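The values are calculated or read from the model by the stated rules, or taken from the named source; none is laboratory data. Here the structure is a predicted model, which is why all the values come from computation and not from measurement. Cβ coordinates were reconstructed from backbone atoms using ideal geometry, including for glycine residues, and neighbour counts include every protein chain displayed. SASA here: full protein model, heavy atoms, side chains in, ligands and nucleic acids out. Shrake-Rupley method; radii C 1.70, N 1.55, O 1.52, S 1.80 Å.
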Amino acid sequence: MRSALHMNMLLDILKMEPFKTYYIQHLSLQLRIMAVDRDTLHSILKELPNLKHLTLSPCWISYGDASIYDYPFQLHSLYWGLIPDLSMNLFLRSQPSIQNLEFPEGYDPISDWFRFWPDLLPNLRSATATKGMLRALRDLEVVKNHQCQLKVQPDAYNAFLTERYKKWVEGS
């Protein structure tokens, strides 16, 4: 969803034809700072009982107050591109079924971010994030008990330089 208009259109369709909500298991939203209506986002998510995979593209906004929403789904995978803040933790607490979690490049919270939520994400098996976020995730019980595989998010700039170097070497 690239605009508030598109998000409102999706919400209208889901409400007019509720049987379609049961077919949606994957949802990818490209949010824009100026076009985000958090209430609409929460309303869309509340309409999707079978949602298993959610992607919230990188956007420097907060998720909003997740504590007031009761979601009908239990996610298996989540790509969290919004600001890592308390609302993120509340959303994660509402989704203990998450097995795969991914954060985009550049999301580095304070190192003891999850220290007060060690029981968060008990079913997590894989997390992909920057080194800073992975350091924060080390406080989760599933990580301490070696039940979760941590993967470092590739640094896009270093990948770009490596690729340019390879092309330069091939061209020499």
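Couple of notes before you dig in:
- Only one of the listed residues (Arg138, Arg125) is modelled with pLDDT under 90 and either more than 13 Å from the chain's Cα centre (by Cα) or open to solvent by 70 Å² or more (accessible area, probe 1.4 Å) (or both). That residue is Arg138.
- All positions within the stretch 152-172 that are closer than 17 Å to Gly132 by Cα, out of contact with any Phe, Trp or Tyr (no Cβ under 9 Å at 6 or more places or on another chain) and either surrounded by fewer than 11 Cβ atoms within 10 Å (Cβ to Cβ) or modelled with pLDDT under 80 (or both): Pro154, Asp155, Ala156, Tyr157, Asn158
- The strands (runs of 3 or more DSSP E) found wholly in the stretch 2-98 and carrying at least 1 residues that are under 19 Å from Trp113 (Cβ atoms), open to solvent by less than 10 Å² (accessible area, probe 1.4 Å) and at pLDDT below 90 occupy 53-56, 77-80.
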